[in-house]
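Undergrad: First, the structure itself, so that you have it in front of you.
Laboratory data are not the source of any read-out in this text; all were calculated from the coordinates shown. The model shown is predicted, which means the values in this text are computed figures rather than measured ones. Here the Cβ positions follow ideal geometry from the backbone for every residue, glycine too, while neighbour counts run over all protein chains shown.
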Amino acid sequence: MSTIALDVAAARGRFSALDRDLAFFDGPGGTQVPDEVISAIANYLRESNANVSGPYETSRRTERLVADARLAAASFLGGSPEEVVFGANMTTLNFALSRAAAREWSEGDEVVVTRLDHDANVSPWLELAHDLGLVVRFADIRDDTTLDLDDLAAQLSERTRVVAFPWASNAVGTLVDVARVAELAHEAGALAWVDAVHYAPHGPIDVAAAGADVLICSPYKFFGPHLGLAYARAELLERWRPYKVRPAADEPLGHRYETGTLPHELLAGFVAAVDYVGSLGWESIVAHERELGERFLDGLPERCRLHGLPTMEGRVPTFALTIDSIAPDEAARRLGERGLAVWHGNYYALEVMKRLGLEDSGGAVRAGIVHYNTAGEVERLLAELATL
């Protein structure tokens, strides 16, 4: 069955933010937002703004919105609506959920993280280790930035409680075999705890097929508002004791982990973002991004060193580069002056930078492609990299 080609011009036409000369290759730090998401947020504030549980129209509209947001999240992640948790951002959710899980653990219990992770899936465990006397072990990556599954397996023991790992690296774009890592975790009696922040704009998520026990992502990385989104298996949400105020409801299960009033207007934007992605289809998105990624890799100037996989096999189109004789911050500044938005530094992926030997040299330049980028923008970036 052939993939329907993505109509990039039509997709871009849904983003007022893209109607400018600046070419956005900063998606790994946060994507642009289609107008329908902005309208959904504004319309909620105009027409439905209220807290829940009130005996009047706008409150009932808000309750319906929250229910719709759980349905949208369940559809996006592959879980059930009761297994959805919303929060301020991925990091906040990860601190909260990890602490709820750790109420069952004892001194000397172990967590395995990876050197491919963003620090939002490392520091919560390091802080728990500090508080509770846990042991955090690091699974290494190979020189090509792929996760060393043999090393990860060697870190596991009967004391392992969690294996925390990314679906895709926010620094170098490497994909992880999520189902295999989850299988290794489960064989050791541990939970598979997935950071899907960077993967979420690049491909479909199915928590059941992946074997994820907990999965966390960020809608602002997939064309939505600043918000955190988590899935956790119902059995865990029911068993753990959440950090919550006493009057807060216990149902649905995910709600008991949502502290305070939710940002309802952002939930409206989230629903619209999920609808937007659905209107394009993952097959079209993946095929277009792969084509642009191949174009970028094929045209990369010799003066640029790529840190990561040299083809689009086993990766998403996020690229970490160092450039001859130019510090990463200076390269990013020059590209910004030429209308190209890229990032520089470590992107909170501290262990990746240490492993690549880039920790003390300013990290790398990061260029990230998402579906609204065009072949012309990629060619423009390549031309400017050649002449910096």
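Undergrad: Among A210, N170, L184, whose Cα projects farthest towards the positive end of the dipole of segment 164-269, with charges put on the beta-carbon of Lys, Arg (+1) and Asp, Glu (-1)?
TA: Of A210, N170, L184, it is N170.
Undergrad: Over the alpha carbons of the chain, what is the largest minus smallest coordinate on each principal axis, giving the biggest first in Å?
TA: On the principal axes, the chain reaches 61, 53, 43 Å in Cα extent.
Undergrad: Would you please give the residues with an amide H less than 5 Å from that of N89, counting only those at least 5 places away or on a separate chain, with H modeled from the backbone geometry?
TA: When sequence neighbours closer than 5 places are left aside, the close amide H contacts are G228.
Undergrad: Compute the distance from the alpha-carbon center of segment 213-269 to that of segment 50-128, in whole Å.
TA: One Cα centre to the other: 4 Å.
Undergrad: Name the residue from Y257, Q155, W193 whose Cα lies farthest towards the positive end of the charge dipole of segment 39-277, charges +1 on Cβ of Lys and Arg and -1 on Cβ of Asp and Glu.
TA: The residue sitting farthest along the positive end of the dipole is Y257.
Undergrad: Given the rule -39500 (n - 2.57) for each run of at least 4 DSSP H residues, summed and divided by the residues of the chain, what is its mean residue ellipticity at 222 nm, to the nearest 500 deg cm²/dmol?
TA: It comes out at -12000 deg cm²/dmol, rounded to the nearest 500.
Undergrad: For segment 70-75, what does the Karplus curve 6.51 cos²θ - 1.76 cosθ + 1.60, with θ = phi - 60°, yield as ³J(HN,Hα) per residue in whole Hz, taken in order and with x for Gly and Pro?
TA: Result, rounded to whole Hz: 5, 5, 5, 5, 4, 5.
Undergrad: Right, here's the next one. ³J(HN,Hα) across segment 152-166 via Karplus (A = 6.51, B = -1.76, C = 1.60, θ = phi - 60°), whole Hz, x for Gly/Pro?
TA: For segment 152-166, the Karplus-derived couplings read 4, 4, 5, 7, 7, 8, 5, 8, 5, 9, 9, 10, 9, 7, x Hz, x marking Gly and Pro.
Undergrad: For a quick protection proxy, order the peptides 171-181, 240-250 by their average other-Cβ count within 10 Å, most packed first.
TA: Ranking, from highest mean packing down: 171-181, 240-250.
Undergrad: Collect residues whose amide H, placed 1.01 Å from N in the peptide plane, falls under 5 Å from the amide H of T114; neighbours closer than 5 in sequence don't count.
TA: Close amide H contacts, sequence-distant or interchain: A139.
Undergrad: Applying the Karplus parametrisation 6.51 cos²θ - 1.76 cosθ + 1.60 with θ = phi - 60° to the phi angles of segment 256-263, what ³J(HN,Hα) value in whole Hz is obtained for each residue in order, glycine and proline being reported as x?
TA: Karplus values, whole Hz, x for Gly and Pro: 5, 9, 9, 7, x, 6, 5, x.
Undergrad: Taking 0.36 nm per intervening residue step and subtracting the Cα-Cα distance, what contour gain separates L132 from N49 on full extension?
TA: Numbers: separation 83, 0.36 × 83 = 29.88 nm, distance 4.18 nm.
Extra length available between L132 and N49 comes to 25.7 nm.
Undergrad: Moving to a separate point now. Would you mind getting me the FRET efficiency between E313 and R334? Use the beta-carbon distance for r and R0 = 45 Å, nearest 0.05.
TA: 0.90
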